[in-house]
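Computed from the coordinates by the stated procedures, all read-outs in this text should not be read as laboratory data. In this text the structure is predicted, and so the values were computed from the model without any measurement. Cβ atoms come from the backbone with ideal geometry, glycine included; neighbour counts cover every protein chain shown.
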Amino acid sequence: MSFVPTSNAFKENAAGALKDVPLQEALGIARHHSIQTRLNTVAKMPEFESLRDIGRDLKNHIIANLDHYLLQFEQSVIDRGGKVHWCPDGESARAKVLEICRTVNAKTVTKGKTMIGEEIGINDFLFANGIEPVETDLGEYIIQLRGETPSHIIGPALHVTKAQVEETFRAAHTDLDPKRNLDDAATLMAEAREKLRAGFLKADVGITGANFLIADEGATTIVTNEGNGDLTQTLPRIHIVLASIEKVVPSLKDAMTLLRILARSATGQEQSVYTTFSSGPRRPSDLDGPEEFHVVLIDNGRSAYLGSDLEEMLRCIRCGACLDHCPVYHSVGGHAYGWVYSGPIGSLLTPMLVGVENAKPLPNASTLCGRCESVCPVRIPIPKLLRNWREREFSRAITPQTERSGLWFWAFMAKRPLLYRLVTRIGARALFNLAGQHGRLSSAPLASGWTKHRDLPATQGRTFQEQWKAKKGARS
Amino acid sequence: MTSQPGTAQLNPQGPFKAGANVALFVTCLVDLFRPSVGFAAVKLLEEAGCRVSVPDAQTCCGQPAYNSGDRKTAVDIAKQTIAAFEAFDFVVAPSGSCGGMIKHHYPQLLAEDAVWGPRAEGLAARTYELTQFLAEQCGKTDFGARLSGNCTYHDSCSSLREMKVKAAPRDLLKQVAGLTLTEMEETDACCGFGGTFCIKFPDVSNSMAARKVATIDATGADLLLAGDLGCLMNLAGKMKRDGSRVQVRHVAEVLAGMTDEPAIGEERNS
Ligand code: SF4
């Protein structure tokens, strides 16, 4: 496990996030931007909805035949002179990366953005072992300087305002002329690039993630908008690809299909600026490329969910659209979720990866509004899967006792219509009288969760059923 | 009023005909908090040519249990509701949320059950949200209501995404004399209610409600309408706490011309 999850403190984390003024500003900007850009691109593509069906079916087919495609992928990589390392968990994956780095006495590794790298905590581990990891993705670089974790799957520094980036650069880049104007995105980018280019040249090993592993070609692919991935994987002597098992696709054509919905869902682009394929080490005729090519293939608990009621979460292609459209995410941002993945998909993945007992609130921290499902490019039924986690929590008595008792009491009545009528009749009168002329209550017994921020509208005195009975009696 | 249920068995998914036996699923919130919405629904359905019944054995659709992971209780309540309603031609709820539960989640809950699965499917096929039923099944949008003002309409998440209700309430509101409708931004964003969510995560819920209220205020409307009492109580509670003058009502009250009762959370004047 990379860092200790604080997901069980979601409520406290969220309370802090709600009071964090710069964070709220950053979230507001991101929300407007991401929703609109996706809408614009999707509007230009009439076949988008049917592509989502195709994406869903393709991923379902892959998941049903995962062993086949992974073995095919391994063989293809070997045929091209590369190596595949099967790692059941984060620990074995970290050890394998270190072992490879040690073969060339690596002092520095450059890194492209990789969520699985975050998942297994590769940076801290390398650092602890005397190897300096240098992030080359602008967002990752910013949060690395700030000592933070990503707050969004594709926009790791989404929570940082431009003013904060400038502050961070001025603090870290000690040679930076204080008079240099850094107040727009382009100059910030240029400033980062100068520093990053130096890192590319001295690195012995480049580590990237992969958006897809292409089984028949033995190739891996990443998409970026900065081109940093290309340099990370071609300049150093060794290229290590970190990838989780569900990233495999049968063919290049399938990768292209998914890329079409990925880019549009992720950033609202028709295509990312750079789509880079890597296949094996440099051949004699190649102009550049690494001497060694390793794929570290990581399960980390995923295969245990194959064939389960949660299997569909393995379709995820990490586009981030569910985060971009989630009202809870819009309120609290990514860090409140307390681990690597956030938003709706984070609430599904985190319980799988760190144990549901370490992420109890996450499946519950959703209104099940379904906006995530309505944009997910591979049509993952996120609300249904969140509910499935809740069912697991309930059956394992993880659900808090007060909630269980409340539910039990409510269910006891809801299953007895006559008793229910009686209790609601009493309740309707009590709330009516309590509110009096005022028509609403600013506090009420057992309703502090409700009345903390809102009033409770009063009843109208008698229940519908009671009045209906009276009317019917009068009419007949 | 007398009702003669039973034609459903002969013509389970037939089109609407005048005199159809319609069962009102009152919903637990309307029953307890705002019966006037139930009476407005009855009035609208009767004017549209339905024979309305209110089955005795209904309580709640079971969502609190279902969404809390208590599947067994949800199944028990689903069966109780199916038994109480399946003899009618149609089931109509003044709520997309409860309607969605019956229409989409009951069949899923009971999919493995050889007896109850098909019964759940049968009921689901005949279940509608109120405005959708009036506009699309009964084919009636003009109920002769009048109300002067400027309203905005909040789509509840389950109405919009589970029941696919979008045009119906707007088509109906267009016929209300004197009333204009100004749409808010991000009509597809949740108001932060989410059933027990708003009690379990009050701070997050409040932030969601605040964003929704800001988009409502930006329309300049003096009346907020929606088809789900959960959202309405959440938003009215928030708006009244913050001192808003916008009135909050269920769409059925306006359509039925029954706006004598104070709006939701509003002071009583008598
Ligand atoms: S769950 Fe769907 S929307 Fe969310 S990141 Fe994965 S693919 Fe994208």
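How large is the dipole of segment A:7-303 about the Cα centre if only Lys and Arg carry +1 and Asp and Glu carry -1, each at its Cβ, rounded to the nearest 20 debye? With only Lys, Arg, Asp and Glu charged at Cβ, the dipole is about 220 debye.
In segment A:44-130, which trypsin sites (Lys or Arg not before Pro) are in a loop and have at most 11 other Cβ atoms within 10 Å, using DSSP for the loop call? Walk me through the intermediate numbers first.
Details: sites: A:K44, A:R52, A:R56, A:K59, A:R80, A:K83, A:R94, A:K96, A:R102, A:K107, A:K111, A:K113; in loops: A:K44, A:R80, A:K107, A:K113.
Filter output for segment A:44-130: A:K44.
Taking amide hydrogens as placed 1.01 Å from N in the peptide plane, the amide H of B:L223 sits under 5 Å from those of B:N150, B:T152, B:Q247, each at least 5 positions away in sequence or on another chain. Is the shape of segment B:5-136 rounded, prolate or oblate, going by the alpha carbon gyration tensor and its root eigenvalues a ≥ b ≥ c, with a/c under 1.5 for rounded and a/b larger than b/c for prolate? Since a/c reaches 1.5 but b/c is at least a/b, the shape of segment B:5-136 is classed as oblate. For B:T219, neighbours were defined as the other residues whose beta-carbon sits under 11 Å from its Cβ, and their charges (Lys and Arg +1, Asp and Glu -1) total -4. Rounded to the nearest 20, the Cβ-based charge dipole of segment B:210-261 about its Cα centre (Lys and Arg +1, Asp and Glu -1) stands at 300 debye. Think of segment A:153-256 as a dipole: +1 on every Lys or Arg Cβ, -1 on every Asp or Glu Cβ, centred on the Cα centre; then among A:A203, A:Q164, A:A192, A:A203 lies furthest on the positive end.
Applying both filters, DSSP loop and at most 15 other Cβ atoms within 10 Å, to the GluC sites (Glu not before Pro) of segment A:215-286 gives A:E270. Shape verdict for chain A, please, from the Cα gyration tensor: rounded (a/c under 1.5), prolate (a/b greater than b/c) or oblate. Because a/c hits 1.5 or more and a/b exceeds b/c, chain A counts as prolate. Rounded, prolate or oblate: which one fits segment A:385-457, using the alpha carbon gyration tensor with axes a ≥ b ≥ c (rounded when a/c is under 1.5, else prolate when a/b beats b/c, else oblate)? Judged from the Cα gyration tensor, segment A:385-457 comes out oblate (a/c at least 1.5, b/c at or above a/b). Place a label point 7 angstrom from the Cα of A:S405 along the Cα-to-Cβ direction, then list the residues of segment A:449-473 whose backbone nitrogen is under 17 Å away. Of the residues in segment A:449-473, A:449 have backbone N under 17 Å from the label point off A:S405.
Exposure proxy for B:M233, B:M208, A:M256: other Cβ atoms within 10 Å of each Cβ, ordered fewest to most, give A:M256, B:M233, B:M208.
Would you mind ranking A:S405, B:S156, A:S92 so that the residue whose beta carbon has the fewest other beta carbons within 10 Å leads the list? Walk me through the numbers on the way to the answer.
Values: A:S405 10, B:S156 26, A:S92 17.
Placing the least packed residue first, the sequence is A:S405, A:S92, B:S156.
Computed 3J(HN,Hα) for segment A:390-405, one whole-Hz value per residue from the Karplus formula 6.51 cos²θ - 1.76 cosθ + 1.60 where θ = phi - 60°, is 4, 5, 5, 5, 5, 6, 9, 6, 7, 4, x, 4, 4, 5, 5, 5, glycine and proline marked x.
Backbone amide hydrogens, once placed in the peptide plane, bring A:E132 within less than 5 Å of A:T108, A:V109, excluding anything fewer than 5 places away on its chain.
Looking at chain A alone, DSSP beta bridges between its own residues are antiparallel in about 30 percent of cases. Residue by residue along B:71-81, Cβ atoms of other protein chains within 10 Å of the local Cβ number 3 on average. Residue-wise HN-Hα couplings along segment A:38-46, as the Karplus relation 6.51 cos²θ - 1.76 cosθ + 1.60 with θ = phi - 60° gives them from phi, are 5, 4, 4, 5, 5, 4, 7, 10, x Hz; Gly and Pro carry x. With Cα atoms defining each centre, segment B:144-195 and segment A:350-399 are spaced 29 Å apart in the structure.
Taking every alpha-carbon pair under 8 Å whose residues sit at least 6 apart, segment A:99-167 reaches a relative contact order of 26 percent. Under 5 Å between amide hydrogens, built in the peptide plane, is the criterion, and for B:L181 it picks out B:C151 among residues at least 5 positions away or on other chains. Remark: for residue pairs A:K19/B:K166; A:K59/B:K212; A:K59/A:K113; B:K72/B:K103, the C-alpha separation exceeds 27 Å in A:K19/B:K166; A:K59/B:K212. Ordering A:F73, A:P327, A:Q401 by Cα displacement along the dipole of chain A toward the positive end leaves A:Q401 in first place; charges were set at the Cβ atoms of Lys, Arg (+1) and Asp, Glu (-1). Applying both filters, DSSP loop and at most 16 other Cβ atoms within 10 Å, to the GluC sites (Glu not before Pro) of segment B:102-179 gives B:E112.
In order along segment B:166-183, phi translates into HN-Hα couplings of 9, 7, 3, x, 6, 4, 5, 5, 4, 7, 7, 5, x, 9, 10, 10, 10, 6 Hz, rounded to whole numbers, per the Karplus curve 6.51 cos²θ - 1.76 cosθ + 1.60 with θ = phi - 60° and x for Gly and Pro.
Farthest toward the dipole's positive end in the protein assembly as shown, which of A:T174, A:W339, A:V104, given Cβ charges of +1 (Lys, Arg) and -1 (Asp, Glu) about the Cα centre? Value: A:W339.
Only Lys, Arg, Asp and Glu count, each charged at its Cβ (+1, +1, -1, -1), so figure out the dipole size of the protein assembly as shown about its Cα centre, rounded to 20 debye.
The calculation lands at about 2360 debye.
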